[in-house]
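The values are calculated or read from the model by the stated rules, or taken from the named source; none is laboratory data. All of these numbers come straight from a predicted model, not from anything done at the bench. Cβ coordinates were reconstructed from backbone atoms using ideal geometry, including for glycine residues, and neighbour counts include every protein chain displayed. Side chains are part of the model used for accessible areas, which takes the heavy atoms of the whole protein and leaves out ligands, DNA and RNA. Shrake-Rupley method; radii C 1.70, N 1.55, O 1.52, S 1.80 Å.
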Amino acid sequence: MFQGIQTPVDGYLHELRTLVRDLGRNGGQISPSVYDTAQVLRLYPPFEGAEAGLEWIAGQQQADGGWGHPDVPLARDVPTLAAVLALHLLRRDRAAQEMVKAGLAFLRSQAAQWADVHFDLLPIAVEMILPYLIDEANAVGLHVDRLPYRWLYQVKAKKQQMLAKTQIAPATAPMHSWEALGNHAPRKLFDRPRSIGHSPAATAQWLKSAQGHPELANERAAAEEYLENAAAATGMDIPGVVPTVWPITGFELAYAPHALLLTNIVHHPGISSALEPIISQVHTILREQNGLSFGHYFTPDVDVTGVASVVLQAFGHSVDADMLMQFRNGDHFYTYQYELNPSVFSNAHALHALAVGNHRLPAVEQFLKDRQLIDGRWMADKWHSSWIYTTTEVIYALIQCGRLTEVRKAGKALLNAQHSDGGWGSGVHSTGMDTGFALIALRVLQKKGIVSEAEGALMRGYDWLRQQCNSSSQRTELLWMGKELYAPYRVDRVYQLCAILSAEIERVTA
């Protein structure tokens, strides 16, 4: 495949070096979204028309009638109802209407789950978006019963009361779900990418609202270009098929180097030279913006700022603790203002960064400790659907803080969760991403002498992941949580390659 490459390590390193050099380029690469695509097609379809996008949406319907991954049921209502609305309004053929009926039946079958759901498992902005979609569906005669979702309506009302007390600014978290806020006056609300809240769905809603306003012609042209660029980031080349968030520049620039750091691959000569300009870029943005965001000069958040701060300190840059402390809220950190529930792994990232700089926060350590389950795990998070990922990120923070009792329990939970095929998965089946997360964490625990019985599990896991990564039929795994599940392609591949290389390099150099 690569001229002059003779070993698997060389091949993995070549691919990894290419990925590192491309981090942040063109706003990042990310999987397509059923929800946002359905919203774009319904609210402001592309010049080429909606048919190709509708065909793509139809092809994503699952056998049970719903859309979205069966392993994460709470993340399925939003894409399902959005797809049902788009198909109902834009296609009148019999096949499409059968899909609509199946989608509505699926929603009825799982509506009861919303009566008693843990707040931390809610997908991003679902408390705003799902009630909005239900009302939209009823307005066009689809008859979705509001009663099972009354708790969500109550949460939405509480959120609206919070937001009513402030002037919502561009490039802030509430703008990301602007399509569901209810006030669609076509004001100039753009952020740097010329989008509404880095959201294709919100941007499409703004474009619909701005129709008939000639004074906004330039802004409309810029927003249309944003939707085209967002669609390009999916690699699908289907008009109107867009991701759930874009750009993800800061996310790529922070998270991929973090994976390299955890596996000690940052110091490999072929990688470190490619990483130097990335580190310099992150350092500059952090100084200019007093933090880092997932996107392109979106409002900074504690999660990406924390991840970036861990990486920067490893490269000898000092990080002002106040940059992280601006997000402090009592015994925890908030990711964004106005959020109703704190994120466990956002807190882990902030705590890790502060601990690296010798700043201890016992109250936040206790916050994380209190959320550890009796079996040693931490639950899935509102930013990620896998408990394995949440657990591994807390492990790194608590190791830095010397909380080894909790870390040992978490390590045993990871070992106990290994599947019979050698991989790991937060659902029924092993996944490449979950296996990579578990392997990286267990290798860290093994090297620090915290878990001593991991060698056999590691070897089986590496064998499974190696086969998975080399398979021509490797499937995209949607584990990250936004308005629906998504995959940041470059970051995910970096995690998998780092997990494999951490073992391969040791084997070759042993």
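Is it true that Arg466 is open to solvent by 20 Å² or more (accessible area, probe 1.4 Å), of a type in the set (D, E, K, R), part of a helix (DSSP H, G or I) and under 27 Å from Asp36 (Cβ atoms)? Let's see the steps before the verdict.
Details: open to solvent by 20 Å² or more (accessible area, probe 1.4 Å): yes; of a type in the set (D, E, K, R): yes; part of a helix (DSSP H, G or I): yes; under 27 Å from Asp36 (Cβ atoms): no.
In short, no.
Of the residues that sit in the range 106-163 and are of a type in the set (Asp, Glu) and loosely packed, with under 13 Cβ neighbours inside 10 Å, which one is modelled with the lowest pLDDT? Across the range 106-163, the extreme among qualifying residues is Asp116. With respect to Leu445, is the statement that it is touching a strand residue (DSSP E or B) at 6+ places or on another chain (Cβ under 8 Å) and part of a helix (DSSP H, G or I) true? Answer is no for this residue.
Checking each residue in the range 171-211 for being under 21 Å from the mean Cα position of the chain (by Cα), over 20 Å from Tyr338 (Cβ atoms) and open to solvent by 30 Å² or more (accessible area, probe 1.4 Å) picks out only Arg192.
In the list Ala231, Ala221, which residue meets the criterion of being farther than 17 Å from Leu189 by Cβ and small (Gly, Ala, Ser)?
Ala231
Residue pairs whose Cβ atoms lie under 9 Å apart, sitting 6 or more positions apart in sequence or on different chains, and linking a residue in the range 193-222 that is without any contact (Cβ under 8 Å) to a residue 12 or more places away in the chain to a partner that is open to solvent by 20 Å² or more (accessible area, probe 1.4 Å) and in a helix (DSSP H, G or I), are Gln211/Arg220. Taken over the range 374-405, residues that are open to solvent by 50 Å² or more (accessible area, probe 1.4 Å) and of a type in the set (A, V, I, L, M) amount to 3. Going by the structure shown, is Gly357 at pLDDT 95 or above, under 30 Å from Ala274 (Cβ atoms) and open to solvent by 20 Å² or more (accessible area, probe 1.4 Å)? Yes, satisfied.
Which condition number does Ile168 fail, the rest of (1) open to solvent by less than 60 Å² (accessible area, probe 1.4 Å); (2) modelled with pLDDT of 90 or more being met? If we test Ile168 against (1) open to solvent by less than 60 Å² (accessible area, probe 1.4 Å); (2) modelled with pLDDT of 90 or more, just (2) comes out false.
Run down Gly270, Gly250 and say which single residue is in contact with a helix residue (DSSP H, G or I) (Cβ under 9 Å, 6 or more places away or on another chain), at pLDDT below 95 and assigned to a helix (DSSP H, G or I). It would help to see each step written out before you state the result.
On the way: Gly250 fails: at pLDDT below 95.
Going through Gly270, Gly250 in turn, the sole match is Gly270.
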